[in-house]
């Protein structure tokens, strides 16, 4: 990733600490945990403390926003999670793609042993309780609304909307416990923080949007050059800095200000918005083979 200078990113609002306590105090009430991650950055969008917070409950990892991610990379991540003991599915909670597979996967795979035990004991109809967890803006509310079939959970495209836990009844024998989004107190790896910033998991208010766009453009030039060539008609040599790429985008889009200068702030906003909306194509920001398992 581009080594453009960027201030250290730290973001841990007070309600995040409350969420950690909520998860710890309620984990005993559920049979399994459904963890939602962003398919564009599946590892970076996982809270590294989630395993300890959920006390190793059976886990289903949902790679949400998979329609925006590189399809081949998503399959690699699904294999990665399964190798590491978590069932995983690719979903898109806005369109509903893959959502119908969630409950069957929980009953037939994640909680297979529990379901068989209940059947032997004549408790097949006992309620299944699931905890829904994930970082802010990853799609928990959209998922619940698709599962329930109504606007039960508040949905906004900004971090940290869900502030308190809420139980949601899906049917006669399935209940969901929705938890507020939780980040972690310190980003040991600043590249993780930057990936979260790319996808909007961290509030844009605390970041320099131009520096962020430079880093994203450098990553795309190295890993998805055709996306930049097709969207912005850029001619890439492979030697451009993040600033040069940003200026070139501004030139191609006619984003000029008085004196012939390029409006790099406007160009940066455009790049970040178009990445988040999928206009740059299906892009994944990290690959499992580049991470230690």
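The values are calculated or read from the model by the stated rules, or taken from the named source; none is laboratory data. Keep in mind it's a predicted model, so treat the numbers as computed, not measured. Counting neighbours? That spans all protein chains shown, and the Cβs are built from the backbone with ideal geometry, glycine included.
Which ones in the stretch 240-280 are more than 17 Å from the chain's Cα centre (by Cα) and more than 18 Å from residue 211 (Cα to Cα)?
So in the stretch 240-280, the residues more than 17 Å from the chain's Cα centre (by Cα) come out as 240-271, 279-280.
The answer is 252, 253, 254, 256, 257, 258, 259, 260, 279, 280.
In the list 284, 270, 264, which residue meets the criterion of being within 23 Å of residue 139 (Cβ to Cβ) and modelled with pLDDT of 95 or more?
Working: 270 fails: within 23 Å of residue 139 (Cβ to Cβ); 264 fails: within 23 Å of residue 139 (Cβ to Cβ).
After applying the criteria, what remains is 284.
Taking residue 30, is it closer than 19 Å to residue 180 by Cβ, out of contact with any helix residue (DSSP H, G or I) (no Cβ under 9 Å at 6 or more places or on another chain) and buried (at least 18 other Cβ atoms within 10 Å of the Cβ)?
Numbers: closer than 19 Å to residue 180 by Cβ: yes; out of contact with any helix residue (DSSP H, G or I) (no Cβ under 9 Å at 6 or more places or on another chain): yes; buried (at least 18 other Cβ atoms within 10 Å of the Cβ): yes.
Yes, satisfied.
Is there a residue in the stretch 121-139 that is part of a helix (DSSP H, G or I), at pLDDT 90 or above, touching a strand residue (DSSP E or B) at 6+ places or on another chain (Cβ under 9 Å) and surrounded by fewer than 16 Cβ atoms within 10 Å (Cβ to Cβ)?
no
Name every residue in the stretch 93-120 that is touching a residue at least 24 places away in the same chain (Cβ under 8 Å) and out of contact with any strand residue (DSSP E or B) (no Cβ under 7 Å at 6 or more places or on another chain), in order of residue number.
Scanning the stretch 93-120 gives 94, 95, 96, 97, 99, 114.
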